[in-house]
1. Can you show me the helix-derived [θ] at 222 nm for the chain, built from DSSP H runs with n ≥ 4 at -39,500 (n - 2.57) apiece and divided by the number of residues, rounded to the nearest 500.
2. Taking the chain as a Gaussian network, Cα atoms linked when under 10 Å apart, which of 135, 50, 170 shows the biggest mean-square fluctuation?
3. If the convex hull of the alpha-carbon atoms of the range 39-115 is projected onto planes in all directions, what is the mean projected area in square nanometres?
4. Accessible area of the range 85-137 with a 1.4 Å probe: how many percent of it is carbon plus sulfur?
5. Note down the magnitude of the dipole of the range 3-140 about its Cα centre, charges +1 on Lys and Arg C-beta and -1 on Asp and Glu C-beta and zero elsewhere, to the nearest 20 debye.
6. So, in Å, what gap is there between the alpha-carbon centers of the range 59-131 and the range 1-27?
7. Sorted from largest to smallest, which semi-axis lengths in Å does the alpha carbon gyration tensor of the range 75-144 give for its equivalent ellipsoid, taking the root of 5 times each eigenvalue?
8. Averaged per residue, what accessible area in Å² does the range 1-138 show with a 1.4 Å probe, protein chains only?
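The values are calculated or read from the model by the stated rules, or taken from the named source; none is laboratory data. Remember, predicted model here, so these are calculated numbers, not experimental data. Counting neighbours? That spans all protein chains shown, and the Cβs are built from the backbone with ideal geometry, glycine included. We work out accessible area using only protein heavy atoms, side chains counted, and drop any ligands, DNA or RNA first. Shrake-Rupley method; radii C 1.70, N 1.55, O 1.52, S 1.80 Å.
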Amino acid sequence: MSDLIYSLDLFGVAVFAISGAMAARQKQMDPFGVLILAAVTAIGGGTLRDVLLGFDVFWISNNTYLYVILVSALLTMLWPLARAWQYRVLTLADAFGLALFTIMGMERAMQAEVSSLVAIVMGVMTGVAGGMIRDILSGQIPLILRREIYATASLMGALTYSALSYYSLDQRYAMLIAMVVILTIRLTAIRWQLALPNLSSR
């Protein structure tokens, strides 16, 4: 099971690195800018989580994550892609990264034997913080601050995983179901342009 979690974590780093690199590519940044945006998107949320939980930061103790980021960023820079497809690749990579990192973040928090509430907060933070840093550095309003159903999708998946874990469902199935919940909500919101209502003052 630990091998599966590690593989999913690396995959999450790869897709979020692609997301960051695509955002930099859309802004026509130089290769260094692409690499920086790929890195902060891929490891920003996990770094914050590990610092708060008192763990050794995952990419410092295991440099494989940095190699995955480097390869993902280089492939994204070199891969020929029509401008019309850049937004689609960015949104898909971001949705998969959100799903993977939310659940991986919860798993990491559970290792610290924190409460379910704290594990949920850490999962959502791991899922959204990297994308938030990416958007700020690329001059965009972060998705979490817009009406987009983004953090809400992460929260629904985290709550699902917490509930399934409470009822002792097999960990692999619980993780898969929770990730599917996040992906379904996020991709449905993108496809049908669903958004949260504004809270306007009178």
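1. Computed ellipticity for the chain at 222 nm equals -26500 deg cm²/dmol.
2. 170
3. 5.6 nm²
4. C and S atoms contribute 69 percent here.
5. Taking the Cα centre of the range 3-140 as origin, the dipole is about 540 debye.
6. For the range 59-131 versus the range 1-27, the Cα centre distance is 5 Å.
7. 29, 13, 9
8. 47 Å²
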